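Below is one structure; the comments refer to it alone.
The values are calculated or read from the model by the stated rules, or taken from the named source; none is laboratory data. Being a predicted model, the structure only gives us computed values, none of them experimental. Please note: Cβ atoms are built from the backbone with ideal geometry, for glycine as well, and neighbour counts cover all protein chains shown. We work out accessible area using only protein heavy atoms, side chains counted, and drop any ligands, DNA or RNA first. Shrake-Rupley method; radii C 1.70, N 1.55, O 1.52, S 1.80 Å.
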Amino acid sequence: NASLDAVVIVDDVGKIHEYNSALRNILKRRPDEDIAGMDLMDLIAKEDRKEVGQLIATLRLDSPVSPTEMGVAQRINARIYDANGGLCPVELSCAIDYSFDGRFSFIVFIRDRSQEVAAANVLRDARDRARLDAKAKERFLSVLSHEMRTPLHGVITSLELVHLGEVKASEQGFLLTASACAKSALTQIDDVLALTRNGYLGDVDEPFLPSDRKSTR
C-alpha cells in the first residue's frame, strides 16, 4: 500500500486476487467498492486487449520452471477504464510467479502515465502551433514579395526609362527624388524580408564610454 504504483495479483484465469490502494485510486473506485474477483482484461481498453493478450502469451512461454523462480517482467503501454468510463494511460509491467502448489499467478505493476501523456500533448500542440506560425510566415513573405517588391521594380524601371528621354531640367530633381524614394522603399522591404526569414535577434549591445570619443573640433 505504500507503493505509488498499483500492485495487482491476478490468478491463472485472469481474475484479480489481491491489490493495493493505488489501484483503487487509478480506477477511481470508492473505498467500499471491492475490486477482487474482477477480470483484469475487462479493465483494459478494447483497442489494447489484443496487444496485452500477446504479452500474456509471451509470459506463459517464458514462465519459470519452479516456485523458487520468477518470470522475466515485460512492459507495455496501454489504457484502462476508470469507474467513470474514462481511459487512463498506464504502463503495465507483468511477470509470472509460481506458487508452491504448482499454480501460477500474474504479478502486475500499473503505473499511471496521465501526467506525462498530458505533458506530451502540450508539447505536440506547441509544435503544431509553431508549424502553423511558420506557414503563416511563409505566406506573409510570399505576399510581401509579390504585392510590394514587384510594383516597386516596375516604378523604378519606369522612372529610369523616363530619365533616358527628354526631361526638362526643372523636372530632373523631381524625377531623381522619386527614383531615390522608390529604391529606398525597395531596400526597406528587402530588409524586412531578410529579418523575417532569418529572425530578428535585436541590435548587438556594445559598450559606450563618452570619454573615449574623439573630439570633432
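Can you find a residue that is surrounded by 13 or more Cβ atoms within 10 Å (Cβ to Cβ), of a type in the set (Val, Ile, Thr) and either in contact with a Cys (Cβ under 8 Å, 6 or more places away or on another chain) or under 30 Å from Glu18 (Cβ atoms) (or both) anywhere in the range 114-126? Taking every residue of the range 114-126 in turn, at least one turns out to be surrounded by 13 or more Cβ atoms within 10 Å (Cβ to Cβ), of a type in the set (Val, Ile, Thr) and either in contact with a Cys (Cβ under 8 Å, 6 or more places away or on another chain) or under 30 Å from Glu18 (Cβ atoms) (or both). Please work out which residue is farthest from Ser105 (Cα to Cα), limiting yourself to the range 11-34 and to residues that are of a type in the set (Val, Ile, Thr) and at pLDDT 90 or above. Residue satisfying both the conditions and the ranking: Ile26.
Scanning the range 10-43 for residues that are in contact with a Phe, Trp or Tyr (Cβ under 7 Å, 6 or more places away or on another chain) and either in a strand (DSSP E or B) or under 26 Å from Gln115 (Cβ atoms) (or both) returns Val10, Ile35, Leu43. Taken over the range 40-50, the residue count meeting the criterion of being within 17 Å of Phe106 (Cβ to Cβ), acidic (Asp, Glu) and either open to solvent by 40 Å² or more (accessible area, probe 1.4 Å) or touching a Pro at 6+ places or on another chain (Cβ under 7 Å) (or both) is 1. Considering only residues in the range 82-106 that are open to solvent by less than 60 Å² (accessible area, probe 1.4 Å), modelled with pLDDT of 85 or more and closer than 23 Å to Glu33 by Cβ, the one that is farthest from the chain's Cα centre (by Cα) turns out to be Ala83. In the range 189-202, the residues that are closer than 12 Å to Lys137 by Cβ form Cβ pairs under 8 Å with partners that are at pLDDT below 75 and not hydrophobic (A, V, I, L, M, F, W, C), at six or more places apart or across chains, as follows: Leu193/Ser145. Screening Ser142 on (1) assigned to a helix (DSSP H, G or I); (2) open to solvent by 70 Å² or more (accessible area, probe 1.4 Å); (3) modelled with pLDDT of 80 or more; (4) not aliphatic (A, V, I, L, M) shows it passes everything except condition (3). Within the range 174-207, the set of residues being more than 24 Å from Gly154 (Cα to Cα) and either open to solvent by less than 80 Å² (accessible area, probe 1.4 Å) or at pLDDT 80 or above (or both) comprises Gly199, Gly202, Pro207.
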